[in-house]
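The values are calculated or read from the model by the stated rules, or taken from the named source; none is laboratory data. Bear in mind that the values here come from a model prediction, so they are computed numbers and not experimental data. Note that each Cβ is placed from the backbone with ideal geometry, even for glycine, and that neighbours are counted across all protein chains shown.
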Amino acid sequence: MRLLVILLAWMLRRQLDARGWLDPEQWQRRLLEHAPPEKDGGRATLRWLLPLYGLLVVLTGLLSWGTSGIAGGLWASLLALALLVAGTGMPGWRAPLRAYSAAWRSGDMQAAWHHVSPLLPAEQRGAALAPEQLHLSLCGALIQTTFERYFLPLFWYALLGPAGVVLILVALMLRDHYPSTGVRTLFGRWVHWLAIPPRWLLSFSFALAGDFSGWSGEPRNRHPRRTDSCGEVLLTAAGSALSSYALDPARFQAHDPDGWPDYGHRSLLAVRHLLNRSLLVWLAVLAILALMGIMP
């Protein structure tokens, strides 16, 4: 049943993303904009927020367990489907990426930066980046956002059911939108730990969906440094799994200077195709687990 829910959620989200509908960032921001202000570095808020977060996860788990015998767990599956559809997806990315590719092709890097600057990490939005740095930052943001909006919730749902969806989606929401630096920092660390197993799986999926020999030849894929962020680990893995210097703009320009105007579009397309193939790898593994009776 979980595999069916994942497939339905994925198809529905793809349609919503294509139309730019139901952005999870918008409703999450509105939900938390009236949260209590920060006091005492956020410690006072954490005293009630952490138990509430844990209670919400436990209650969701108990609810799904209690209704598992009703209509074959239909109610729990519908709850998970609603959470996945509402809390995942990237509806605001398609148009800026298309405009960025067109600006890159025409050589207008100022316009290219303008189109995608809201998608970059906050610390890089006001920076004067060279075209190569801008492109790698954008690709890193695309990979990490896709990981957090798709792969991370799917992993925890496959493992823990609806409770896993609440576990990760609420943590991401509080990390990104809660109006308290202390709360955002704490849940940022928590999301980092929750992301370690699926991050490694996605990195290995890049090898299966791309160039395995290139991926295995990069030591940081097998032994990432503790100081590496999730985005850095995944960007390194994707770069080594892609051929034709898709994530190595300097070498691409030296190897094929005539193709440089199309590099932005071709590189983004290669990254998106790698992510799509990796998701298919995950779905195939989940289908095998479901057929073996390991996953409900």
Check your understanding: Which condition number does residue 294 fail, the rest of (1) under 19 Å from the mean Cα position of the chain (by Cα); (2) surrounded by fewer than 16 Cβ atoms within 10 Å (Cβ to Cβ); (3) of a type outside the set (Asp, Glu) being met?
Key -> (1)
Exercise for review: Specify the residue that is surrounded by the fewest Cβ atoms within 10 Å (Cβ to Cβ); the eligible residues are those in the stretch 69-94 that are farther than 26 Å from residue 25 by Cβ, out of contact with any helix residue (DSSP H, G or I) (no Cβ under 6 Å at 6 or more places or on another chain) and not β-branched (Val, Ile, Thr).
Suggested key: 69
Exercise for review: Return yes or no: is residue 7 buried (at least 17 other Cβ atoms within 10 Å of the Cβ), modelled with pLDDT of 85 or more and under 26 Å from the mean Cα position of the chain (by Cα)?
Suggested key: no
Practice item. Of all residues in the stretch 235-258, count the ones that are among the small types (Gly, Ala, Ser) and on the phi > 0 side of the Ramachandran plot. Key: 1
Check your understanding: Out of 111, 163, which single residue is at pLDDT 85 or above and under 23 Å from residue 200 (Cβ atoms)?
Key -> 163
Check your understanding: When residue 45 is evaluated against the numbered criteria (1) in contact (Cβ under 8 Å) with a residue 24 or more places away in the chain; (2) surrounded by 18 or more Cβ atoms within 10 Å (Cβ to Cβ); (3) within 25 Å of the chain's Cα centre (by Cα); (4) part of a helix (DSSP H, G or I), which criterion, by number, is the only one it fails?
Key -> (3)
Check your understanding: Out of all the residues in the stretch 186-211, which are in contact (Cβ under 8 Å) with a residue 40 or more places away in the chain and surrounded by fewer than 17 Cβ atoms within 10 Å (Cβ to Cβ)?
Key -> 197, 201, 208
Revision key, fill the gap. By residue number, the members of the stretch 142-192 that are closer than 27 Å to residue 287 by Cα and outside any helix (DSSP H, G or I) are 161
Check your understanding: Quick one: what pairs do we get from the stretch 157-182, first residue under 15 Å from residue 30 (Cβ atoms) and touching a residue at least 40 places away in the same chain (Cβ under 8 Å), second buried (at least 17 other Cβ atoms within 10 Å of the Cβ) and of a type in the set (S, T, N, Q), C-beta under 8 Å, 6+ apart or different chains?
Key -> 173/28; 176/28; 177/28
Point to revise | Scope the stretch 159-204; condition among the aromatic types (Phe, Trp, Tyr) and more than 12 Å from residue 53 (Cβ to Cβ); matching residues | key: 193, 200, 204
Point to revise | Selection count, the stretch 44-100, where residues are under 14 Å from residue 163 (Cβ atoms), of a type in the set (Val, Ile, Thr) and at pLDDT 90 or above | key: 3
Point to revise | Residue satisfying condition, being in contact with a Pro (Cβ under 6 Å, 6 or more places away or on another chain) and not polar (S, T, N, Q), within set 152, 172 | key: 152
Review point. What number of residues in the stretch 76-108 are under 20 Å from residue 142 (Cβ atoms) and assigned to a helix (DSSP H, G or I)?
Key: 13
Check your understanding: Which condition number in (1) among the β-branched types (Val, Ile, Thr); (2) under 30 Å from residue 1 (Cα atoms); (3) touching an Asp or Glu at 6+ places or on another chain (Cβ under 7 Å) is the one that residue 181 fails?
Key -> (2)
